[in-house]
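Peer 1: Structure in structure tokens, see below.
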Amino acid sequence: MSELPRKPAPLSEEERQTLSHALDQIIPPDPDRGRPGAGELGLAAYVDAALDAMPVVKEMVVQSLAALDDLARCRSGHRLDDLPPEERVAVLDQLAASEHAFPPVLVLYTYAGYYQHPRVLEALGLEPRPPHPAGYATIEGDLTLLDAVRRRAGMYREC
């Protein structure tokens, strides 16, 4: 019997901080419009949890984070966190041009988490809530239309 894949370990605090800098490059802060950056919102935790469903991709992200810190150390002798913002951008650009670039799915999860966040929804002039039940008006239906289906015999096999 084959073993089920294990849930990947959560990112360390250092990895989450490094990922936050990368997320701020994917969706940078826009103070003029009152929109925070993706890393500033703490989306590293969201991305970390979302990637648990894809252990291979999560491992790629972990390797990219390690490569990112290695590039920062080679370039300046410091971790990415300790660099000024312009240097971080240069290191992230260098990573993007290497074989250790982040997998493209990272962008998808970043946008998904970002546009669900209450602060972003408020900055966009939207109510910070799910669209249902207050979102769409539904017409009350005639449930007697289901009577014919209810009278029909089951179309499945009991297990």
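Every number here is computed from the coordinates shown, using simple stated rules; none is lab data. Just so it is clear, the model here is predicted, and its values are computed rather than measured. Counting neighbours? That spans all protein chains shown, and the Cβs are built from the backbone with ideal geometry, glycine included.
Peer 1: What is the angle, in °, between the Cα long axis of helix 55-76 and the longest principal axis of the Cα atoms in the chain? Nearest 10 is fine, range 0 to 90.
Peer 2: Result, in degrees: 20.
Peer 1: Right, something else. For ARG33, what charge total do you get from the other residues with a beta carbon under 13 Å from its beta carbon, if Lys and Arg give +1 and Asp and Glu give -1? Could the numbers behind the result be given before it?
Peer 2: Values: positive: ARG35, ARG119; negative: ASP30, ASP32, GLU122.
The answer is -1.
Peer 1: Amide H of ARG35: which non-local residues (sequence gap of 5 or more, or other chain) have their own amide H closer than 5 Å, using H built in the peptide plane?
Peer 2: Here ASP30 satisfy the definition.
Peer 1: Among residues other than ASP52 whose Cβ falls under 11 Å from its Cβ, what is the net charge (Lys/Arg +1, Asp/Glu -1)? Can you show the working numbers first?
Peer 2: Working: positive: ARG6, LYS7, LYS58; negative: ASP48.
Residues close to ASP52 contribute a combined charge of +2.
Peer 1: While we're looking at this one, here's another question. Given that just one value was derived from the coordinates, which of (i) 43, 25, 11; (ii) 22, 19, 14; (iii) 27, 18, 14 is semi-axes √(5λ) of the Cα gyration tensor in Å?
Peer 2: Computed from these coordinates, semi-axes √(5λ) of the Cα gyration tensor in Å corresponds to label (i).
Peer 1: What is the helix-to-structure angle for 105-114, meaning the angle in degrees between its Cα long axis and the longest Cα principal axis of the chain, kept from 0 to 90 and rounded to the nearest 10?
Peer 2: 70
Peer 1: Dipole size in debye (nearest 20) for segment 13-130 around its Cα centre, Lys and Arg Cβ +1, Asp and Glu Cβ -1? Can you show the working numbers first?
Peer 2: On the way: 10 positive and 20 negative charges, 53 e Å.
Value, rounded to 20: 260 debye.
Peer 1: So, one more: Expressed as a whole number of Å, what is the distance separating the alpha-carbon centroids of segment 81-100 and segment 16-78?
Peer 2: 11
Peer 1: If you don't mind, there's one more thing I want to ask. Subtracting the Cα-Cα distance from 0.36 nm times the residue separation, let me have the gained length for ARG157 to HIS78 in nm, one decimal.
Peer 2: Result for the pair: 22.0 nm of gain on full extension.
Peer 1: For ALA90 and MET54, what does the FRET efficiency come to when R0 = 22 Å and r is the distance between their Cβ atoms, rounded to the nearest 0.05? Before the final figure, lay out each step's value.
Peer 2: Details: r = 29 Å, r/R0 = 1.33.
The computed FRET efficiency comes out at 0.15.
Peer 1: Can you give the charge dipole size of segment 67-126 about its Cα centre, rounded to the nearest 20 debye, using +1 on the beta carbon of Lys and Arg and -1 on the beta carbon of Asp and Glu? List each step's numbers first, then the result.
Peer 2: Numbers: 5 positive and 9 negative charges, 24 e Å.
Dipole of segment 67-126, to the nearest 20 debye: 120 debye.
Peer 1: Please give the helix 13-26 orientation as an angle from the longest Cα principal axis of the chain, in degrees from 0 to 90, rounded to the nearest 10.
Peer 2: Once rounded, the angle reads 80 degrees.
Peer 1: Follow-up question, since we're still on this one. Using a Gaussian network for the chain with springs between C-alpha atoms less than 10 Å apart, which of these wobbles most: ASP82, ASP93, ASP32?
Peer 2: Judging by the Gaussian network model, the answer is ASP32.
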